[in-house]
Amino acid sequence: MRVTKLSTIAAAWMLSLAMISPVRADPGERYVLVSHAADSDSWWNTVKNAIRQAGQDYGVDVDYRNPPNGDLSDMARLLEQAAARNYSGVAYDVADIDVLTKPVARIRAKGINTVTMNSGTLEQSRGLGAIMHVGQPDYEAGKAAGLKAKAAGVSSFLCVNHNATNQAQYQRCKGFGDALGLKDIRSSILDTGVDPTVVAAKVGAYLRNNPKTQAILALGPDSAEPSAQVVQRMGLSGKIFFATFDLSPGITDAIKKGSINFAIDQQPYLQGYISIAALVIAHRDHTTDPVRIIATLKADPKFQARLAAYGLKPIYGERDIASGPAFVTKENVSLVEKYAGQYR
């Protein structure tokens, strides 16, 4: 799809109109998004930008809370604090349902609406009492990527997992491995953490010890960028199939150079923006009906202006909204690289 100069100008014009007069918030109306991510996880910068812009468009205050070191028990405490502060709505990701069930129940007991985003399944979202889930189905996305690898002749892979405590990460690896027909993928998963030096060292050691590895699946920029550097240093660029989840300037550059075959784009901006927008609509329209909320969101000119400006495409379900997956390759990377790491 070619983005013409005219359509770009139109999108910018729509966005400028949308920002002229923000909607006035009710007194005390305030929202929060709580994530599992450590401060060092740069992927969430796009989500932060999204909730800030959602706050601007709807005229509300929005907080972002996360455990600085990525400790899930700290995330649970942040959700408990959200209940105590009586927010108008709470969005959060289901990094570990066992850890989060109790604090989420406290939020719901206060009559506060919730939306789940990013990590977690639709079933988990339902069980936790959320209005809807906004995110990418991780297992299905991993499997779709694995089928592309299988079509290229891949039968073995390394999954570089920078966040082993997040169950969604394992689902990505499992989907990829299932697509390849592997019965046991645990030996193919490498837990690295987010320190780029550690990631590079572990990936380099694995590839030297397992020289027949045919593919690498990275689960985000924190694992993809140092892994791509290792591949380049070892002279394996173009020789080893390389896929990654998510986008960053480093990832789009590697795609253009051929070090990375494609990125699986879950459009994190949508996860942040839609989560807050859905909560605002629920609060103001006094509804928890996802059909009504989705219809209202789709008719919102400010939201449509954001989609046009950043080239985003949500997938609307009956009561949930999928933000992906989409695949970014050499053929279409130029369409998204301008906003990679910011709004894509």
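The values are calculated or read from the model by the stated rules, or taken from the named source; none is laboratory data. Just so it is clear, the model here is predicted, and its values are computed rather than measured. Ideal geometry is used to build each Cβ from the backbone, glycine not excepted, and the neighbour counts take in all protein chains shown. Protein only, heavy atoms only, side chains kept; ligands, DNA and RNA dropped before computing areas. Shrake-Rupley method; radii C 1.70, N 1.55, O 1.52, S 1.80 Å.
Taking every residue in segment 289-316 that is over 19 Å from Met132 (Cβ atoms) and pairing it with any residue that is assigned to a helix (DSSP H, G or I) and at pLDDT 95 or above, at least 6 positions away or on another chain, the pairs with Cβ-Cβ distances below 7 Å are Lys302/Asp57; Tyr310/Tyr269.
Conditions tested, residue by residue: (1) over 19 Å from the mean Cα position of the chain (by Cα); (2) in a loop (DSSP other than H, G, I, E, B); (3) of a type in the set (Ser, Thr, Tyr).
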residue: Ile131; (1), (2), (3): no, yes, no
residue: Glu140; (1), (2), (3): no, no, no
residue: Lys148; (1), (2), (3): yes, no, no
residue: Leu190; (1), (2), (3): yes, no, no
residue: Gly193; (1), (2), (3): no, yes, no
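Screening Gly258 on (1) surrounded by fewer than 19 Cβ atoms within 10 Å (Cβ to Cβ); (2) modelled with pLDDT of 95 or more; (3) small (Gly, Ala, Ser) shows it passes everything except condition (2). If I filter segment 163-183 for residues that are open to solvent by less than 30 Å² (accessible area, probe 1.4 Å) and among the basic types (Lys, Arg), do I get at least one hit? Yes, that holds for at least one residue. Within the bounds of segment 91-98, is there any residue that is modelled with pLDDT of 95 or more, more than 30 Å from Phe327 (Cβ to Cβ) and not hydroxyl-bearing (Ser, Thr, Tyr)? The answer is yes; a qualifying residue exists. Take Leu236 and decide whether it is more than 30 Å from Val280 (Cβ to Cβ), in contact with a helix residue (DSSP H, G or I) (Cβ under 9 Å, 6 or more places away or on another chain), open to solvent by less than 60 Å² (accessible area, probe 1.4 Å) and free of Cβ contacts under 8 Å to residues at least 40 places away in the same chain. So Leu236 fits the description; yes.
So that you can scan it fast, the table gives a plain yes or no per residue for (1) closer than 19 Å to Val62 by Cα; (2) in contact with a strand residue (DSSP E or B) (Cβ under 8 Å, 6 or more places away or on another chain):
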site: Ala84; (1), (2): yes, no
site: Val90; (1), (2): yes, yes
site: Asp98; (1), (2): no, no
site: Thr101; (1), (2): no, no
site: Gly120; (1), (2): no, yes
site: Gln124; (1), (2): no, yes
site: Leu128; (1), (2): no, yes
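When restricted to residues that are in a helix (DSSP H, G or I), β-branched (Val, Ile, Thr) and more than 21 Å from Tyr87 (Cβ to Cβ), segment 250-306 contains 5. When segment 209-229 is examined, which residues are found to be surrounded by 22 or more Cβ atoms within 10 Å (Cβ to Cβ) and either part of a loop (DSSP other than H, G, I, E, B) or without any contact (Cβ under 8 Å) to a residue 60 or more places away in the chain (or both)? If the condition is that a residue be surrounded by 22 or more Cβ atoms within 10 Å (Cβ to Cβ) and either part of a loop (DSSP other than H, G, I, E, B) or without any contact (Cβ under 8 Å) to a residue 60 or more places away in the chain (or both), then Ile216, Ala218, Leu219, Gly220, Glu225, Pro226, Ala228 are the ones that fit. Against the list (1) surrounded by fewer than 20 Cβ atoms within 10 Å (Cβ to Cβ); (2) of a type outside the set (Asp, Glu); (3) assigned to a helix (DSSP H, G or I), the condition Ser156 fails is (3). Answer yes or no: is there a residue in segment 196-208 that is in a loop (DSSP other than H, G, I, E, B), in contact with a helix residue (DSSP H, G or I) (Cβ under 7 Å, 6 or more places away or on another chain), touching a residue at least 24 places away in the same chain (Cβ under 8 Å) and among the β-branched types (Val, Ile, Thr). Looking for residues that are in a loop (DSSP other than H, G, I, E, B), in contact with a helix residue (DSSP H, G or I) (Cβ under 7 Å, 6 or more places away or on another chain), touching a residue at least 24 places away in the same chain (Cβ under 8 Å) and among the β-branched types (Val, Ile, Thr), one finds none in segment 196-208, hence no. Summed over segment 272-331, the residues that are crowded, with 19+ Cβ neighbours inside 10 Å and aromatic (Phe, Trp, Tyr) give a count of 3. Among helices (runs of 4 or more DSSP H) entirely within segment 25-120, having at least 3 residues that are in contact (Cβ under 8 Å) with a residue 60 or more places away in the chain and over 18 Å from the mean Cα position of the chain (by Cα) singles out 45-58. Taking the condition touching a Pro at 6+ places or on another chain (Cβ under 9 Å) and under 26 Å from Asn49 (Cβ atoms), does Arg65 pass? Taking the combined requirement at face value, the residue does not satisfy it. When Thr252, Thr287 are screened for being within 20 Å of the chain's Cα centre (by Cα) and either of a type in the set (Ser, Thr, Tyr) or closer than 22 Å to Asp93 by Cα (or both), only Thr252 passes.
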